[in-house]
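Peer 1: One structure is given below, represented as structure tokens, and several questions about it will come after.
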Amino acid sequence: MESSSTRRQATRAKLYEAAVTLIAEKGFSATTVDEIAERAGVAKGTVYYNFTSKAELFEELLRHGVGLLTASLREAAEETVRKGGSQVDALDGMIRAGLVFIDTYPAFTQLYVAELWRTNRAWQSTLMVVRQEAVAVVEGVLRAGVENGELSAEIDIPLTAAALVGMVLVAALDWQAFQPERTIDDVHSALSRLLQGRVSGTRA
């Protein structure tokens, strides 16, 4: 039998999915709570039971989505290292994990990238915090690579980590919008070669 906590998590997942789809289609301001409730298949009161406002729902949606991305990046890196891979291999695994995430949640990714550039949102500080959590996972792998001599000590770790995350986000969105005939393996292969050439200084 489902616990109340499990049911609430399932309801929130429905609301997240409904909200991200509608806001991607219509924009935040044009999307109403009624529409979110209808798309999620729940009563309007259920939305307010879980979130005090549409803005809070969206803020939690951003936190939830970036949290999933962060977890997938961390898991990919840790699994690579457990299997004896290098830190560059771990970075490559994270690229793959990022592409899989974006392929699975394209509407969320579009919203996330768009919101990064807005400065007038109530949730901007939250977005910056969760964005840094994702980037910090990449920073940790880069730092480990520098410490063990795999990577140059001259690299700017924070900027390189941000660049790698940005590369995956932008390349994946471009893939989906303009080159949908390509497979995820195609895109990963291209980014993997770029990683090998630009970060490790070796040839793929």
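Peer 1: Taking Thr21, is it in contact (Cβ under 8 Å) with a residue 24 or more places away in the chain, not acidic (Asp, Glu) and not assigned by TED's automatic domain parsing to the domain that holds Val187?
Peer 2: The answer is yes for Thr21.
Peer 1: Which numbered condition trips up Asp103, out of (1) within 15 Å of Val135 (Cα to Cα); (2) in contact (Cβ under 8 Å) with a residue 24 or more places away in the chain; (3) among the acidic types (Asp, Glu)?
Peer 2: Evaluating Asp103 over (1) within 15 Å of Val135 (Cα to Cα); (2) in contact (Cβ under 8 Å) with a residue 24 or more places away in the chain; (3) among the acidic types (Asp, Glu) leaves (1) as the failure.
Peer 1: Consider Leu99 carefully, then state whether it is under 16 Å from Val170 (Cβ atoms) and of a type outside the set (Lys, Arg).
Peer 2: Against the criterion (under 16 Å from Val170 (Cβ atoms) and of a type outside the set (Lys, Arg)), Leu99 qualifies.
Peer 1: Would you pick out the residues in the range 71-80 that are touching a residue at least 40 places away in the same chain (Cβ under 8 Å) and surrounded by fewer than 20 Cβ atoms within 10 Å (Cβ to Cβ)?
Peer 2: Within the range 71-80, Arg74 is the sole residue that qualifies.
Peer 1: Could I ask something else about it? Suppose we filter the range 26-47 for residues that are surrounded by fewer than 18 Cβ atoms within 10 Å (Cβ to Cβ), closer than 17 Å to Glu115 by Cβ and free of Cβ contacts under 8 Å to residues at least 24 places away in the same chain; how many remain?
Peer 2: 4
Peer 1: Report, by residue number, each residue of the range 133-155 that is within 22 Å of the chain's Cα centre (by Cα) and either of a type in the set (Val, Ile, Thr) or in a loop (DSSP other than H, G, I, E, B) (or both).
Peer 2: Once the filter is applied, which keeps residues that are within 22 Å of the chain's Cα centre (by Cα) and either of a type in the set (Val, Ile, Thr) or in a loop (DSSP other than H, G, I, E, B) (or both), the range 133-155 yields Val135, Val137, Val138, Val141.
Peer 1: Out of the range 85-112, which residues are touching a Gly at 6+ places or on another chain (Cβ under 9 Å) and either outside any helix (DSSP H, G or I) or surrounded by fewer than 15 Cβ atoms within 10 Å (Cβ to Cβ) (or both)?
Peer 2: Scanning the range 85-112 gives Gly85, Ser86, Tyr105.
Peer 1: Shifting gears a bit: Look at the range 151-204 and say how many of its residues are hydroxyl-bearing (Ser, Thr, Tyr) and at pLDDT below 90.
Peer 2: So the count comes out to 2.
Peer 1: Further question: What residue, among those in the range 48-70 that are of a type in the set (Gly, Ala, Ser) and within 21 Å of Thr31 (Cβ to Cβ), is surrounded by the most Cβ atoms within 10 Å (Cβ to Cβ)?
Peer 2: The extreme case among them is Gly65.
Peer 1: Next question, about the same structure. Yes or no: Leu194 farther than 22 Å from Phe28 by Cα, part of a loop (DSSP other than H, G, I, E, B) and not aromatic (Phe, Trp, Tyr)?
Peer 2: no
The values are calculated or read from the model by the stated rules, or taken from the named source; none is laboratory data. Predicted, not measured: the structure shown is a model, and the values here were computed from it. Heads up, the Cβs are rebuilt from the backbone with ideal geometry, glycines too, and the neighbour counts pull from every protein chain shown.
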